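Undergrad: The structure is given below, and queries will be raised subsequently.
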Amino acid sequence: MIPLTSELVAIGKTATDKADAIAQAVDLLTAAGKIDPRYGQSMLGREAVANTFLGNGIAIPHGLPQDRDLIHDTAIAVVQLPAGVEWAPGDIAHLVVAIAAKSDEHLQVLSNLTDVLGDAAEAGRLATTTDAAEIVARLTGAAAPVAAPAAAPADFARGIDVVVTGAHGLHARPATTLVD
């Protein structure tokens, strides 16, 4: 599990655009000594080839695999944008979870994010909380996931229960596809 502390969570920020939001996350990671600041260009490079918006106001910018040498220590930083920023046309990000991972240490955080992706109310709560510790607890697994509704919503004619037996559950993008 990647250690996440309140020092790597910026609450109540604003951003002019996606690049500004990523720059704020890069600043947090750089100040903590986790990355070379050039890793920010790698994150923007990834955005040029893949959309890192997951849904429910959450984006996970991360760099290109060939730039992992710019990562000193695997880490994540979170920039909370209550007013949101357009990530892609029609997609507004409120939580920017920047990932700087040398290998797969970030998978537990992504698994914890998957729970938030399926719960718009929980995503909204994290997007507006004034307590960085709440975000830290939710992304590190210290906070229990919000219980799923007992019955399927009325607008679904059918439903299924799925159990993912892997230690880290589904990766965030396949989980988003499943939720959609």
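Undergrad: Looking only at region 106-137, how many residues end up being among the polar types (S, T, N, Q), in contact (Cβ under 8 Å) with a residue 60 or more places away in the chain and open to solvent by 40 Å² or more (accessible area, probe 1.4 Å)?
TA: 2
Undergrad: Between residues in region 21-41 that are under 20 Å from F53 (Cβ atoms) and residues that are of a type in the set (F, W, Y) and in a helix (DSSP H, G or I), which pairs lie under 7 Å by C-beta distance while being six or more apart or on different chains?
TA: Listed by first residue and then by second, the contacts come to V26/Y39.
The values are calculated or read from the model by the stated rules, or taken from the named source; none is laboratory data. Treat the numbers as computed from the prediction; the structure is a model and nothing was measured. With ideal geometry, Cβ positions are generated from the backbone for all residues, glycine too; neighbour counts draw on all protein chains shown. The area values use the complete protein model at the heavy-atom level, side chains included, leaving out ligands, DNA and RNA. Shrake-Rupley method; radii C 1.70, N 1.55, O 1.52, S 1.80 Å.
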